[in-house]
Structures are given as structure tokens and as C-alpha cells.
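Shown next, in C-alpha cells, is the structure this report addresses.
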Amino acid sequence: MIMKNKTHIWTKFGAMMIIILVTSCFPEEADNNGLTEESLDATFTITPIEGSSNRFILKANTTDYIMSKWELGDGSPAFMGNEVEEIFLPDKGDYTVIHTAVGKGGFQESESLPLNIPVPDPVSGNIVRGGKLDTQEDIDEWTILNISASGASWSFNGGKATVTGGGWNQQGFYQEINVIEGKKYKIDMVGSSTTGVSNTWFEVYCSTTAPVQNNDYGGDILRNINTWDGCGTSAFSGKISSIGCNKDKNAGTFTASATGIMYLVIKCGGENLSGGISVDNIEVRGTSD
């Protein structure tokens, strides 16, 4: 008799626990608490910073979510940030700024605003013309530099310049840039390869020496990928300053000895370029470092 009473008591207790557990599984009502996508507000404002045409404050209109994700539309990856961010866009152009509010459970809502930069930053603006390689107008800013008779060649498509071939041959491309005496500049670009390459050199120069067709080009190597130095042998993608062999603080920099024209030259060659090396977002910027 006692055992039956105990069984009855535990049965009732178990049933209550099941009800509690089942009830706890139902979600709370979403009332602007970040639980559902519909409750998220990703709207934001862009405010110019006085005295600069290239610096802005991004500010989310609400903070009722877990975190903010921002994308500036300049080719750089989206980044997790705060509801208020100060940004710097040194180059002239039209941008689309995107704010994504991330709520509970991974729900996201995004809003975008256009932003026009009328003039480049006088110090850090990119002095390369057509560096994004997105349009025929961009591509027309560059001249192919033939070095070897055949075997390695650059092509422009898909918003990139890509070199393929090999056979211990090389080819380059270049453009004239205008510099100011005594000013320090820094070169960088995005480089990528789906497979990596073998016995290959990729080099970037900037000097007052004009390239000559069907001749090699040399001088101070400012950026490079070199398989003998241990980089470029497997798939890669990123800024040359990060993935290249030379990561010294002053790598990629030069100081103009005179106001006028210098030649930005990019060349690549080697035994086997079947995997190809692509570059885009080519830039030369003034620096105050």
C-alpha cells in the first residue's frame, strides 16, 4: 500500500516535470527583443566628420540587438563592430555601406546607404589609375610589358589581371604614376592563386626608369612572391603585404626623389604558372609613417 502511494506521488511529479519541460521549449513572444528577424532594426545614419571629405561616423539607429556587422563597399571584407564606427575611405568613388544587425539565434537584418566620395584624400588617396581592373576603362590604363618571347602572359578579365603559362618565361604590365618630391608612398594589392605555383617569381617595382619592350625590368623589388623564399607554393588569397615573402615594416615603400613621373611595374615568370597568379585592387598611397 505504501509503495503504491509512492508510485502515485512520483507519477504525478513526473507529469509535472514533463509539463514544465515542454512549456519551457516554447519560444518567448518576440516583442522587439531580437529573437526574430522581423524585430531587428538595422537602419543607420552616415555623418561626415567636419574638415574631411573622407572620414565619416556610422551610427545605428537602435541598439536592440546583439552585434553589428559593417561592410563599406570598398572591397574590404565585412567586419564585426560597434553600433557607432568611424570610417576612413581615402579614394574618390561611389560606395554602398551595409549595416547588418545580428540578433539572438543568429537572425540578421541588413540595411544599406549610398555614399559618394567626391575627392581622394590628399595624403592617402590611391594615385594608381584603374587599380580595381573592373572596367575596360580601368584596363586601358595599363600597358603590357613583353619580356620573354612567349610562355607567360597576363590577361585582364573578371576584375583581375591573371598571369599563366611558364617555361621559364616572364611578362609584366605597367603604368606611369605622378609623384611628389620627398613624399613617401606605399604599394599594395590583392593577390590570389587557386592552387599555388612552382619555381615562380612575382615582383613589383616603382622607379624613374621607363620600361622597354622585349627587355627585362629590374631594380629594387618592393613587393614579391617567390617560391624559393617559401611563399606562393600553395593556394593563397589576400594582400601581398600579408601573403608575400617580404613582410618587413618598410616593405613596399619608396620616397620620390623628384616631382614627376615614375613607373609602376608588375612582372611574373617561372617554370610552371598553370595555377596562375591574379592581382586586383592595386594601390600606391602616400603615407605619413
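The values are calculated or read from the model by the stated rules, or taken from the named source; none is laboratory data. Remember, predicted model here, so these are calculated numbers, not experimental data. With ideal geometry, Cβ positions are generated from the backbone for all residues, glycine too; neighbour counts draw on all protein chains shown. When the accessible area is computed, the model is the full protein with side chains, heavy atoms only, and any ligands, DNA or RNA have been set aside. Shrake-Rupley method; radii C 1.70, N 1.55, O 1.52, S 1.80 Å.
The table for this structure:
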item: Loop trypsin sites (Lys or Arg not before Pro), segment 214-281 (other Cβ atoms within 10 Å of the site Cβ: 14 or fewer; DSSP); result: 247, 249
item: Distance between modelled label sites at residue 253 and residue 220, nm, 7 Å Cα→Cβ extension; result: 1.1
item: R0 of 45 Å, Cβ-Cβ distance residue 155-residue 288: FRET efficiency to nearest 0.05; result: 0.80
item: Solvent accessible area, Å² - residue 190, 1.4 Å probe, full protein context; result: 40
item: Relative contact order computed over the chain (Cα-Cα under 8 Å; 6+ residues apart), in percent; result: 18
item: Residue order for 71, 203 - accessible surface, 1.4 angstrom probe, largest first; result: 71, 203
item: Compactness relative to 2.2 N^0.38 Å, alpha carbon Rg of the chain; result: 1.47
item: Helix axis angle, 2-25 relative to the chain longest principal axis, alpha carbon, degrees; result: 40
item: FRET E, pair residue 212, residue 94, Förster distance 45 Å, beta-carbon r, rounded to 0.05; result: 0.75
item: Long-range amide H partners of residue 171 with built H, under 5 Å; result: 268
item: Extended-chain gain in nm, criterion 0.36 nm per residue less alpha-carbon gap, residue 111 and residue 194; result: 26.6 nm
item: Inter-probe distance in nm under a simple model that places probes 7 Å from Cα toward Cβ, at residue 229 and residue 62; result: 5.2
item: Sites residue 140 and residue 69 - FRET efficiency at Förster radius 41 Å, r taken between beta-carbons, to 0.05; result: 0.70
item: Accessible surface of residue 180 - all protein chains present, 1.4 Å probe, nearest 10 Å²; result: 90
